[in-house]
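Input: a single structure, listed below in C-alpha cells.
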Amino acid sequence: MNKEEAIQIANESLRSNALNASNTQFSQVVRYVDDEGWWLNIPLTSFRKECHFLLCSEKARIFRHLMLKPNAILSPATKFRIKDGIADVFISAANPKRLADKLPGGTKYSFNKHLIDEHRY
C-alpha cells in the first residue's frame, strides 16, 4: 500500500475528493526503540487547517484514516514534542485502538476522537 492508493480508497469511502497529496500524511509501521508504530511530523501551521493522516499496517493489511479539523487541537505546542516548528508524534502499533502519542515531552494525546475509518486491503 502506498500513499496514492490509500488516498484513493479513503476518498472512495467518503464519496468525495477530500484527501490529496498536500493535506494528507501517510505513515507505515516502523521500529522505534523497543516498539513499533507510526511517526507523524506535523508542522504547527497545519493545525490551523484540515489535515488527514493515513496510518498503514502492512502486517495487518489495514490502514486507519484520522482527520484533524482546523483548530481541533488548540495549543499543539503544549501537547506534543516540538522540534523546529514541527510536532513529532509517535503512535504505538502495539495498541492501535488507543492511538496515543508515546513520545516523552508530550501529553500522551489520544487521536481516537479523530478516527474517521479503518480500511482493510
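Some points to look at:
- Within region 111-121, if we keep just the residues that are modelled with pLDDT of 95 or more and not in a strand (DSSP E or B), the residue that is farthest from the chain's Cα centre (by Cα) turns out to be Lys113.
- Members of region 94-115 that are more than 16 Å from Phe53 (Cα to Cα), of a type in the set (D, E, K, R) and surrounded by fewer than 16 Cβ atoms within 10 Å (Cβ to Cβ): Lys108
- Long-range neighbours under 8 Å by Cβ, at least six apart or interchain, first residue over 13 Å from Arg81 (Cβ atoms) within region 30-41, second outside any strand (DSSP E or B) and modelled with pLDDT of 95 or more: Glu36/Val29; Gly37/Val29; Trp38/Val29
- Residue check for Phe26: crowded, with 19+ Cβ neighbours inside 10 Å and over 19 Å from Tyr121 (Cβ atoms): no
- The set of residues in region 1-58 that are in a helix (DSSP H, G or I), of a type in the set (Gly, Ala, Ser) and under 22 Å from Lys97 (Cα atoms) comprises Ala6, Ala10, Ser13.
- Tally, over region 72-93, of residues that are free of Cβ contacts under 8 Å to residues at least 60 places away in the same chain, assigned to a loop (DSSP other than H, G, I, E, B) and surrounded by 11 or more Cβ atoms within 10 Å (Cβ to Cβ): 4
- Taken over region 23-66, the criterion of being among the β-branched types (Val, Ile, Thr), farther than 22 Å from Asn95 by Cβ and under 12 Å from the mean Cα position of the chain (by Cα) is satisfied by Thr24 alone.
- Counted residues, region 94-110 - those being touching a Phe, Trp or Tyr at 6+ places or on another chain (Cβ under 8 Å) and either β-branched (Val, Ile, Thr) or in a strand (DSSP E or B) (or both): 3
The values are calculated or read from the model by the stated rules, or taken from the named source; none is laboratory data. Everything quoted here is computed from the prediction, not taken from an experiment. Here the Cβ is made from the backbone with ideal geometry for all residues, glycine too, and neighbour counts use every protein chain on show.
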